[in-house]
1. Would you mind telling me the antiparallel percentage of the DSSP bridges in the chain, rounded to 5?
2. Would you mind checking the tilt of helix 82-92 against the longest principal axis of the Cα atoms of the chain, expressed as 0 to 90 degrees and rounded to 10?
3. Please compute the net charge surrounding K26, taking Lys and Arg as +1 and Asp and Glu as -1 over other residues with Cβ under 15 Å from its Cβ.
4. At 222 nm, what helix-only mean residue ellipticity would the chain give, in deg cm²/dmol to the nearest 500, using -39500 (n - 2.57) for each DSSP H run of four or more?
5. Once phi is turned into θ = phi - 60°, what whole-Hz ³J(HN,Hα) does the Karplus curve with 6.51, -1.76 and 1.60 give for every residue of the range 64-80, x standing for Gly and Pro?
6. In the set [x] 27, 14, 13; [y] 28, 18, 15; [z] 22, 17, 14, which value of semi-axes √(5λ) of the Cα gyration tensor in Å was calculated from the structure you see?
7. Modelling each spin label as a point 7 Å along the Cα-to-Cβ direction, I'd like the N14/V79 distance in nm, to one decimal.
8. With labels modelled as points extended 7 Å from the Cα through the Cβ direction, what inter-label distance (nm, one decimal) is found for W72 paired with E108?
Amino acid sequence: SFAYLHEGHLSMMNKAKEIVEAKGYKVAGGYFSFSHDNYVLTKDSNMPSLNQRVGYATEKLKKSSWLMPNLWEALLPDVVNFTTVITYFEKHFKNHKVFYVFGKDNLEFAWAFKHYGQAVYV
């Protein structure tokens, strides 16, 4: 959900980039797909709004030459699951491999990648 995007998220993406590049891939970019407010607010009703989350992230990401926010998921009419987000990126970046990066709070996602897509657990 990236409420708020923090140094741990940036560190995780940098580590994932290292892992993917060590496997022989060239990383073209990294995107933080912001979750829909309907999902974020289920975690805590005091979570910042999408505009606040994206504003904060945009400031944090100014230092990065390869990481960017992506609002596609957040601007949909309602919540979608992560496989829908991956499908979006795969269609958008047809000639590139897409790797989904996740941390220990979403370890159960790993099972989905046994038969679908590429992932990096950091």
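The values are calculated or read from the model by the stated rules, or taken from the named source; none is laboratory data. Keep in mind that this is a model prediction, so the values were computed, not measured. All Cβ positions, glycine included, derive from the backbone under ideal geometry; neighbour counts span all protein chains shown. What goes into the accessible areas is simple: the full protein's heavy atoms, side chains included, and nothing from ligands, DNA or RNA. Shrake-Rupley method; radii C 1.70, N 1.55, O 1.52, S 1.80 Å.
1. Given both bridge residues lie in the chain, the antiparallel proportion sits at roughly 0 percent.
2. Roughly 60 degrees between the two axes.
3. Once positives and negatives cancel, what remains is +1.
4. -11500 deg cm²/dmol, from helical runs alone.
5. In residue order, the calculated couplings are 9, 8, 10, 9, 9, x, 9, 9, 3, 4, 5, 8, 5, x, 7, 5, 10 Hz.
6. [z]
7. So the label points at N14 and V79 sit 3.2 nm apart.
8. 2.6
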